[in-house]
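A.B. asks: Structure provided below as structure tokens; questions to follow.
The values are calculated or read from the model by the stated rules, or taken from the named source; none is laboratory data. Just so it is clear, the model here is predicted, and its values are computed rather than measured. Methodologically, a virtual Cβ is constructed for each residue, glycine included, from the backbone with ideal geometry; neighbour enumeration extends over all protein chains shown. Note: accessible area is taken over every heavy atom of the protein model, side chains too, but ligands, DNA and RNA are not part of it. Shrake-Rupley method; radii C 1.70, N 1.55, O 1.52, S 1.80 Å.
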Amino acid sequence: MISVSEALDHLFSLASALETETVPLDRAAGRVLARPVSARRDQPPFPASAMDGYAVTTAAPGDRFTVIGESAAGHRFDGRVGPGQAVRIFTGAPVPPGATRVVIQEDVTRDDDRITLKATLDDNPYIRPAGTDFRNGQTVEAPRRLGPQDVALLAAMNIAEVPVTRRPKVALISTGDELVMPGDTPGPDQIIASNTFGLAALLRDLGAEARILPIARDTRESLIHAFGLIEDADLVLTIGGASVGDHDLVAPVAEELGMDRAFHKVAMRPGKPLMSGRLQDAMMIGLPGNPVSAMVCGHVFVAPVIRSLLGLPAAPAPRHTARLSKALTANGPREHYMRAQLTNDGIQALDRQDSSLLSVLGAANALLIRPVGDPPREIGDRVDYLPL
């Protein structure tokens, strides 16, 4: 068996960043910036007032000034401020030439067009210099997933269109005579196909386009038909049939269709059987059919592959650490991803870890990671986990 990290390395060798497309800024959130972009102006583009008040040349308690005009956001004062003069100014408005500071209105007494500065006057100039936020030509580096704050920054930089990595197209194929789609009536020996829908939701959260294909039955003809529907997919995920049993036909049929296949037994649980290769122009990953195994492999293997296809660094899913709130016995020879609950008190593994129990996975908000041969762990020990 190979380690999880070795399996990931092999998958990364099959995945390369997809091509770039340009999207309007209002559709850029959640996309991966493919190339650096640069600001097209300074922000602010002029010295701006940080407060409502009065723009003056100098200021000391008791000084008196004559108000000669007003500067508001979008409407600057068209003139210069001289000694003994003041311009009424509002937050964000351009500071007129000649002014060196803004006196906040709370520190001023006004009588008609005359103001007097109070004894409470402080030393803060309340002026934001031009380019305080960013300068013309300042760069937003790539690759990076664009969040709402990034979109706001790009808008302020006067960037209306953004180069992003195309969304990966993923075809999902559930296999097995025992499966029916949600909403159908199962026979006495059948169950509902759940893995495909959970994985499709995960893929969409990651920024991919997921397409659920019809269930492939345990026959060569049905599998060939399913593979014929992958069309322009960048990645094909099969769920089930990836082992070496008499009814596990995915690997031989994929090879018959020209797939350069690598079959791995990964030292992990839940999981273990994992198939990978290329089929037509698509990367392919064969996942185990157990419900929890498929979803755990989705987080451990598929999610990093999708990030790699999007042009983000080829790296394992980011791990976090937390203190144990319940002791653990020693782990065995496979890396264990235990369904767990993370609370303010720490993290604890849920009692039932059978790989068929989706209800336990549904109750979990983390996967607690036990390394190979990890010794017993006590309350308070720090452990790694993946958030769900």
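A.B. asks: Residues of the range 10-26 being modelled with pLDDT of 95 or more and out of contact with any helix residue (DSSP H, G or I) (no Cβ under 9 Å at 6 or more places or on another chain), which ones?
C.D. replies: Once the filter is applied, which keeps residues that are modelled with pLDDT of 95 or more and out of contact with any helix residue (DSSP H, G or I) (no Cβ under 9 Å at 6 or more places or on another chain), the range 10-26 yields Glu19, Thr20, Glu21, Thr22, Val23, Pro24.
A.B. asks: Right, something else. If you scan the range 1-20, which residues turn out to be within 21 Å of the chain's Cα centre (by Cα) and within 17 Å of Ala233 (Cβ to Cβ)?
C.D. replies: Across the range 1-20, the qualifying residues are Leu11, Ala15, Ser16, Ala17, Leu18, Glu19.
A.B. asks: I'd like to know if the range 141-152 contains one or more residues that are more than 14 Å from Ala34 (Cα to Cα), without any contact (Cβ under 8 Å) to a residue 40 or more places away in the chain, of a type in the set (Gly, Ala, Ser) and open to solvent by 30 Å² or more (accessible area, probe 1.4 Å).
C.D. replies: Among the residues of the range 141-152, at least one is more than 14 Å from Ala34 (Cα to Cα), without any contact (Cβ under 8 Å) to a residue 40 or more places away in the chain, of a type in the set (Gly, Ala, Ser) and open to solvent by 30 Å² or more (accessible area, probe 1.4 Å), which makes the answer yes.
A.B. asks: Okay, moving on. Residues that are open to solvent by less than 20 Å² (accessible area, probe 1.4 Å), at pLDDT 95 or above, among the charged types (D, E, K, R) and outside any loop (DSSP other than H, G, I, E, B): does the range 94-107 have at least one?
C.D. replies: yes
A.B. asks: Under 6 Å by Cβ, and 6 or more places apart or on different chains, what pairs join a residue from the range 1-28 that is open to solvent by 60 Å² or more (accessible area, probe 1.4 Å) with one that is at pLDDT below 95?
C.D. replies: Met1/Lys265; Met1/Ala267
A.B. asks: Only residues that are part of a loop (DSSP other than H, G, I, E, B) and modelled with pLDDT under 85: list them for the range 222-257, please.
C.D. replies: Correct list: Gly241, Ala242, Ser243, Val244, Gly245, Asp246, His247, Asp248, Leu249.
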